[in-house]
């Protein structure tokens with residue numbers, strides 16, 4: 001069965017962030033390492049085939065998507081962990097990097113296939129939460145999904161998200177409902193979101209950006225390989241099937257490419273400090289996906305309490321100018337599909353690769 005294993009790697013703690021030239025070098029080293037491997041020996045001598053890899057390097061490390069053919073989820077994760085460990089050890093320049101996460105983010109359809117395929121007395125439990133808890137060492141004999149292993153993982157993810165918060169440079173803590181320094185000094189804390197909750201929400205959005213972009217790449221790849229629209233696609237999709245159903249026959253590979261570029265352009269403005277306003281309907285939908293991804297990450301690691309949820313709500317309320325895009329999911333939609341990538345007003349930024357073709361332009 002095919003699994004997509006997500007690997008988060010980080011540069012050594014205290015090391016300056018990589019500049020563009022260093023990031024390019026890191027991509028080359030990682031890709032060269034994967035190119036030299038066709039299969040890896042997993043647990044109990046089981047051979048796991050390496051099918052494909054995607055490498056995205058950022059200033060603080062790298063995000064990998066490793067596609068493998070393995071008999072079970074556990075074999076996929078453990079084999080990729082071993083492989084990436086070996087690749088790092090081989091490279092003097094990457095030897096001190098650390099693996100912060102190596103896991104399969106299960107698509108619902110693939111999760112069900114994996115569970116249905118498992119047999120025998122050692123088969124994992126049917127409930128996906130208990131299966132995940134068992135695999136991470138968090139399940140007790142009573143079946144609870146929260147043990148010491150899960151708590152340690154939650155604490156590690158909390159620390160990572162807090163560290164990522166500063167990368168969301170376009171937004172102050174006040175956008176998340178937290179007090180600014182002046183209000184905090186005055187002691188007026190009524191109804192304010194705690195500063196750490198605001199930072200957790202911000203860090204979750206940064207982390208969710210990496211995950212969302214990588215998974216949209218996979219959606220684009222599936223549509224391209226099948227030469228199909230979302231309505232016709234037989235393969236599993238991470239996100240595009242959650243766009244408004246009425247236009248599912250319009251969501252083909254060129255559309256997916258434009259939507260992916262839109263997500264990258266929007267989140268780049270979030271992190272480089274240049275964001276002012278959402279530019280078009282496609283960005284409103286992209287933000288909807290990003291908020292959903294951040295919420296899922298926080299829920300997965302038991303970090304989504306009422307205060308963090310309030311921080312995300314405050315962020316959404318501040319960034320959205322209105323919620324008209326939600327009408328696309330209703331029976332009556334006032335927004336034309338043709339207008340999704342059209343700027344709301346003159347001066348709003350839409351990436352050239354996603355923008356509408358000029359009138360009279362010849363088709364590509």
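The values are calculated or read from the model by the stated rules, or taken from the named source; none is laboratory data. Everything numeric in this text was worked out from a predicted model, so none of it was measured. Note: ideal-geometry Cβ built from the backbone for every residue, glycine included; neighbour counts use all protein chains shown.
So, of the residues in segment 146-165 that are in contact with a helix residue (DSSP H, G or I) (Cβ under 8 Å, 6 or more places away or on another chain), in a helix (DSSP H, G or I) and more than 19 Å from residue 293 (Cα to Cα), which turns out to be modelled with the lowest pLDDT?
For segment 146-165, the residue satisfying everything is 149.
What number of residues within segment 239-251 are buried (at least 18 other Cβ atoms within 10 Å of the Cβ) and within 14 Å of residue 337 (Cα to Cα)?
3
Quick check on residue 76: is it in contact (Cβ under 8 Å) with a residue 40 or more places away in the chain, over 24 Å from residue 164 (Cβ atoms) and in the same structural domain as residue 8 (by TED's automatic domain parsing)?
So residue 76 fits the description; yes.
Okay, residues lined up against (1) at pLDDT 85 or above; (2) in contact with a strand residue (DSSP E or B) (Cβ under 8 Å, 6 or more places away or on another chain); (3) under 18 Å from residue 280 (Cα atoms):
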{"site": "296", "(1), (2), (3)": "yes, no, no"}
{"site": "301", "(1), (2), (3)": "yes, no, no"}
{"site": "309", "(1), (2), (3)": "yes, no, no"}
{"site": "319", "(1), (2), (3)": "yes, no, yes"}
{"site": "323", "(1), (2), (3)": "yes, no, yes"}
{"site": "335", "(1), (2), (3)": "no, no, yes"}
{"site": "338", "(1), (2), (3)": "yes, no, yes"}
{"site": "344", "(1), (2), (3)": "yes, no, yes"}
{"site": "358", "(1), (2), (3)": "no, no, yes"}
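Of everything in segment 72-128, what is modelled with pLDDT of 50 or more, farther than 30 Å from residue 24 by Cα and in contact with a helix residue (DSSP H, G or I) (Cβ under 8 Å, 6 or more places away or on another chain)? Give them in sequence order.
72, 73, 74, 75
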